[in-house]
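The next block holds one structure in the form of structure tokens; read it before the comments.
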Amino acid sequence: MDIFKILGFCLCALVLLSVLRQYNPGYAVLAALACCMVLLWFVMQALGPVLSFVETLLQFSGFEHLGTVFKAVAIALMAQSVQDLCMEAGQTALAGRVELAGKVAVLLAAMPLFTVLTDTLLALLR
């Protein structure tokens with residue numbers, strides 16, 4: 001997918017959501033969610049070559065926990081997107097809880113890195 005097509009979709013969605021928000025704010029939030037899902041689909045298709053390159057890098061690097069880092073980054077990006085949607089809908093308390101849940105999920109995803117770090121430190125101290 002070409003970046004200009006993605007940006008064009010975003011501009012069209014912006015105009016549609018601005019008009020829809022004036023007439024029916026409830027549907028505007030649902031339409032924003034749908035536009036975000038379509039945009040996520042476009043971005044994931046565009047990232048296909050990058051993900052295959054990263055997979056090749058993982059195989060050659062010998063660092064088996066690089067996938068864990070990418071998983072944590074993906075969780076953070078998804079949590080930020082959901083938080084933005086909550087803010088758009090005017091649900092600031094829910095947005096705060098989504099942010100907290102995203103941080104906890106990133107910490108949980110990074111636990112294998114913490115265990116490797118702890119094991120390495122303990123081996124150095126012995």
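The values are calculated or read from the model by the stated rules, or taken from the named source; none is laboratory data. Treat the numbers as computed from the prediction; the structure is a model and nothing was measured. Here Cβ is always computed from backbone atoms with ideal geometry, including for glycine, and neighbour counts include all displayed protein chains. The protein model used for the area step is the full one, side chains on, heavy atoms only, and it has no ligands, DNA or RNA in it. Shrake-Rupley method; radii C 1.70, N 1.55, O 1.52, S 1.80 Å.
At-a-glance table
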quantity: Selection status of Gln22, open to solvent by 90 Å² or more (accessible area, probe 1.4 Å) and under 26 Å from Leu108 (Cβ atoms); calculated: no
quantity: Every residue from the stretch 94-126 that is outside any helix (DSSP H, G or I) and in contact with a helix residue (DSSP H, G or I) (Cβ under 6 Å, 6 or more places away or on another chain); calculated: Ala110
quantity: Pairs with Cβ under 6 Å, 6+ apart, first in the stretch 1-14 and modelled with pLDDT under 85, second surrounded by 10 or more Cβ atoms within 10 Å (Cβ to Cβ); calculated: Met1/Phe42; Met1/Gln45; Met1/Ala46; Ile6/Phe42
quantity: Subset tally (residues that are touching a helix residue (DSSP H, G or I) at 6+ places or on another chain (Cβ under 6 Å) and either among the hydroxyl-bearing types (Ser, Thr, Tyr) or open to solvent by 60 Å² or more (accessible area, probe 1.4 Å) (or both)) for the stretch 37-64; calculated: 0
quantity: Members of the stretch 83-93 found to be small (Gly, Ala, Ser) and not in a helix (DSSP H, G or I), listed by number; calculated: Ala89, Gly90
quantity: Meets criteria (under 30 Å from Gly26 (Cα atoms), of a type outside the set (Asp, Glu) and either open to solvent by 50 Å² or more (accessible area, probe 1.4 Å) or in contact (Cβ under 8 Å) with a residue 12 or more places away in the chain (or both)) for Ala89; calculated: yes
quantity: Any hit, the stretch 78-85, residues being touching an Asp or Glu at 6+ places or on another chain (Cβ under 7 Å), modelled with pLDDT of 85 or more and open to solvent by less than 50 Å² (accessible area, probe 1.4 Å); calculated: yes
quantity: Pair list, Cβ under 9 Å, 6 or more apart: the stretch 103-126 residue under 17 Å from Leu66 (Cβ atoms) and open to solvent by 70 Å² or more (accessible area, probe 1.4 Å), other residue of a type in the set (A, V, I, L, M) and assigned to a helix (DSSP H, G or I); calculated: Phe114/Leu107
quantity: Residue check for Val15: in a helix (DSSP H, G or I), within 20 Å of the chain's Cα centre (by Cα) and loosely packed, with under 11 Cβ neighbours inside 10 Å; calculated: no
quantity: Pairs where the first residue, in the stretch 31-50, is farther than 14 Å from Leu77 by Cα and the second is modelled with pLDDT under 80 and open to solvent by 50 Å² or more (accessible area, probe 1.4 Å), C-beta under 8 Å, 6+ apart; calculated: Phe42/Met1; Gln45/Met1; Ala46/Met1; Ala46/Ile3
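Here's the yes/no breakdown for (1) farther than 20 Å from Val106 by Cα; (2) in a helix (DSSP H, G or I):
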residue: Val38; (1), (2): yes, yes
residue: Trp41; (1), (2): yes, yes
residue: Val50; (1), (2): yes, yes
residue: Phe53; (1), (2): yes, yes
residue: Leu57; (1), (2): yes, yes
residue: Glu64; (1), (2): no, no
residue: Val73; (1), (2): no, yes
residue: Ala76; (1), (2): no, yes
residue: Ser81; (1), (2): no, yes
